[in-house]
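Q: Starting off with a structure, shown below.
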């Protein structure tokens, strides 16, 4: 935390005073590294976030706050910010407002990265282009991996609410509460907050929409390539008891018989153990407090918050994951064998929708399509379908099918893979093509301008439509829905591949009932 001796009149927020920032050439003021909660260190490790600690003097807000503890499995995702610490609960603001009375809509970003990696300071999350369209943009850091999602019987007992395992979600809620109390100082309207996020960020938002702790904290929601509605523990919240059992195994692996002993371990030791552990941390726990029940059940009953929703995914979500996570070879099972082992009596249905091909590359493509639908697309489809079925708030669905020109087929950073890969839409949403040295075409610039405009319009009104944009109708459930295609061509099409999602929906429902 750096302090300023600036004589300009500071802004007053929770914790103390913050130096006002000079605007850039377009008038956007940027505030970096604002604490929204107390550092979750020492005795506050694995506790709900506490209020900001007051500071003396004037906070400069000119440098990114440290990102949460994380590994480097995705490479150098945050080249602008090398700092990493448990002391990570910071947010950043881009505002075009000239004064506190402007009352502009707020776009609140929750980054992806499997809830294991990422930060609000990543270059692709530069909020300048969105802010120039008349909104305040907020990005946040939150606790990740085992620091953000460890459940344990000791933690459940000490919580006072009989819950543990959702500290990363509680951080996001604390940041939303901070926005409610402080964003007016930056010209934002606390009554017009839109949460938006990608991948794990979108999955988190689908959980925030069912949490009783978030009622009134946001007015609209956008989910890009995610949704925690798959009724299984993988890529969705696990039962509290399962989370506690996993937590006990983790602690014992470090030789800790209690949470007190685990809190005493250095953060780097805890992180190292988490990175080596076969247990996955990152998709939350059905704890009865933050997440009262499995979201698949809550959405099926129409009990989620009734806020307008914009949701969609990319054409080739699975290529990134399949290329990195699945091995093929003459001594390994074939595609059809893998499907029969996993799906058993339902294997023929899978193979008819994701058919084997004449070559290994064809098989890989079908497997990637299935894999992407299993972990990404189905969750988004169910999120849209269940929300639209209530009729309580409008739903807008999109389908992104543009592959950035020049993107390498596979690399560590930026994340790329064949086709319109997972995360390919991010540079378009943020209208920040300039951060990639790729041979962008007029179609890409047109698409980026359209997507940023749709997202900002939605943040302003709950409706993405606006002057000069192809009309985007609301989505209707049950097979009659129209979807906005976002690619080289921008326009409405009928729902694509619904037969796949209906098959998976039936399969998951039956699996959950067993």
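The values are calculated or read from the model by the stated rules, or taken from the named source; none is laboratory data. Since we're looking at a predicted model, the values are computed, not measured. With ideal geometry, Cβ positions are generated from the backbone for all residues, glycine too; neighbour counts draw on all protein chains shown.
Q: Starting from residues that are free of Cβ contacts under 8 Å to residues at least 40 places away in the same chain and not in a loop (DSSP other than H, G, I, E, B), keep the ones in region 455-473 and report whichever is surrounded by the fewest Cβ atoms within 10 Å (Cβ to Cβ).
A: Once the filter is applied, the top-ranked residue is 461.
Q: What number of residues in region 86-107 are farther than 22 Å from residue 128 by Cβ and touching a strand residue (DSSP E or B) at 6+ places or on another chain (Cβ under 7 Å)?
A: Number satisfying all stated conditions: 2.
Q: Taking region 208-238, which residues are out of contact with any helix residue (DSSP H, G or I) (no Cβ under 6 Å at 6 or more places or on another chain) and either more than 18 Å from residue 169 (Cα to Cα) or modelled with pLDDT of 95 or more (or both)?
A: Residues satisfying the conditions are 209, 211, 212, 215, 216, 218, 219, 220, 222, 232.
Q: Still on this structure, I have one more. Against the condition modelled with pLDDT under 95, under 30 Å from residue 72 (Cα atoms) and surrounded by 23 or more Cβ atoms within 10 Å (Cβ to Cβ), how does residue 407 come out, does it pass?
A: no
Q: While we're on this one: Kindly indicate whether residue 478 is in the same structural domain as residue 388 (by TED's automatic domain parsing) and at positive phi.
A: yes
Q: Checking the condition in contact (Cβ under 8 Å) with a residue 60 or more places away in the chain and closer than 28 Å to residue 187 by Cβ, which residue from 42, 71, 27 passes?
A: Step by step, each of 42, 71, 27 is checked, and only 27 is in contact (Cβ under 8 Å) with a residue 60 or more places away in the chain and closer than 28 Å to residue 187 by Cβ.
Q: Which residue is surrounded by the most Cβ atoms within 10 Å (Cβ to Cβ), if the candidates are limited to region 440-451 and must be under 18 Å from residue 397 (Cβ atoms) and in contact (Cβ under 8 Å) with a residue 40 or more places away in the chain?
A: 447
Q: Mind counting the residues in region 219-235 that are crowded, with 24+ Cβ neighbours inside 10 Å and part of a loop (DSSP other than H, G, I, E, B)?
A: Selection size over region 219-235: 6.
Q: Being at pLDDT 95 or above and touching a helix residue (DSSP H, G or I) at 6+ places or on another chain (Cβ under 9 Å) narrows it down to one of 443, 450, so name that one.
A: Criteria check complete, one pass: 450.
Q: Right, another one. So residue 432 passes all but one of these: (1) touching a strand residue (DSSP E or B) at 6+ places or on another chain (Cβ under 8 Å); (2) farther than 30 Å from residue 295 by Cα. Which condition number does it fail?
A: For residue 432, the failing item is (1).
Q: So which residues in region 316-331 are touching a helix residue (DSSP H, G or I) at 6+ places or on another chain (Cβ under 9 Å) and either surrounded by fewer than 24 Cβ atoms within 10 Å (Cβ to Cβ) or assigned by TED's automatic domain parsing to the domain that holds residue 163 (or both), if there are any at all?
A: Passing the criteria: 316, 321, 322, 323, 325, 326, 328.
Q: Across region 1-34, what is the total count of residues that are modelled with pLDDT under 95, part of a strand (DSSP E or B) and within 25 Å of residue 132 (Cβ to Cβ)?
A: Residues in region 1-34 being modelled with pLDDT under 95, part of a strand (DSSP E or B) and within 25 Å of residue 132 (Cβ to Cβ): 0 in total.
Q: Please specify each residue of region 373-411 satisfying the condition of being touching a strand residue (DSSP E or B) at 6+ places or on another chain (Cβ under 7 Å), within 21 Å of residue 422 (Cα to Cα) and in a helix (DSSP H, G or I).
A: Once the filter is applied, which keeps residues that are touching a strand residue (DSSP E or B) at 6+ places or on another chain (Cβ under 7 Å), within 21 Å of residue 422 (Cα to Cα) and in a helix (DSSP H, G or I), region 373-411 yields 376, 377, 380, 383, 384.
Q: Further, regarding this structure: Looking at this structure, is residue 496 buried (at least 18 other Cβ atoms within 10 Å of the Cβ) and in the same structural domain as residue 395 (by TED's automatic domain parsing)?
A: no
Q: Another question, if that's okay. Restricting to region 348-364, what's the tally of residues that are assigned to a helix (DSSP H, G or I) and either touching a residue at least 40 places away in the same chain (Cβ under 8 Å) or surrounded by fewer than 16 Cβ atoms within 10 Å (Cβ to Cβ) (or both)?
A: 9
Q: Residue under question is residue 428, and the condition is that it be in contact with a helix residue (DSSP H, G or I) (Cβ under 7 Å, 6 or more places away or on another chain), part of a helix (DSSP H, G or I) and closer than 21 Å to residue 227 by Cβ; does it hold?
A: Yes, satisfied.
Q: Considering 134, 120, which residue is in the same structural domain as residue 40 (by TED's automatic domain parsing) and out of contact with any helix residue (DSSP H, G or I) (no Cβ under 9 Å at 6 or more places or on another chain)?
A: On inspection, the qualifying residue turns out to be 120.
Q: Then there is this: So which of 83, 73 is at pLDDT below 95, touching a strand residue (DSSP E or B) at 6+ places or on another chain (Cβ under 9 Å) and surrounded by fewer than 21 Cβ atoms within 10 Å (Cβ to Cβ)?
A: 83
Q: Just to check your reading of the model, which residue among 150, 170, 130 is surrounded by 24 or more Cβ atoms within 10 Å (Cβ to Cβ), modelled with pLDDT of 95 or more and over 29 Å from residue 22 (Cβ atoms)?
A: The match here is 150.
Here's the yes/no breakdown for (1) over 22 Å from residue 145 (Cα atoms); (2) surrounded by 14 or more Cβ atoms within 10 Å (Cβ to Cβ); (3) out of contact with any helix residue (DSSP H, G or I) (no Cβ under 8 Å at 6 or more places or on another chain):
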| residue | (1), (2), (3) |
| --- | --- |
| 12 | yes, no, no |
| 19 | yes, yes, yes |
| 26 | yes, no, no |
| 37 | no, yes, no |
| 44 | no, yes, yes |
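Q: Which one of 476, 502 is touching a strand residue (DSSP E or B) at 6+ places or on another chain (Cβ under 8 Å) and either closer than 25 Å to residue 78 by Cβ or surrounded by 14 or more Cβ atoms within 10 Å (Cβ to Cβ) (or both)?
A: One residue alone meets the criteria, 476.
Q: Sticking with this one: Check every one of the helices (runs of 4 or more DSSP H) wholly within region 290-347 and list those with 2 or more residues that are in contact with a strand residue (DSSP E or B) (Cβ under 8 Å, 6 or more places away or on another chain) and on the phi < 0 side of the Ramachandran plot.
A: 318-325
Q: Need pairs with beta-carbon distance below 7 Å; first residue in the same structural domain as residue 51 (by TED's automatic domain parsing) and within region 177-194, second surrounded by fewer than 22 Cβ atoms within 10 Å (Cβ to Cβ) and in a helix (DSSP H, G or I); sequence gap 6+ or separate chains.
A: As it stands, the answer is 190/180; 190/184, since those pairs meet every condition given.
Q: Can you confirm whether region 107-124 contains a residue that is surrounded by fewer than 24 Cβ atoms within 10 Å (Cβ to Cβ) and more than 18 Å from the chain's Cα centre (by Cα)?
A: Looking through region 107-124, none of the residues is surrounded by fewer than 24 Cβ atoms within 10 Å (Cβ to Cβ) and more than 18 Å from the chain's Cα centre (by Cα).
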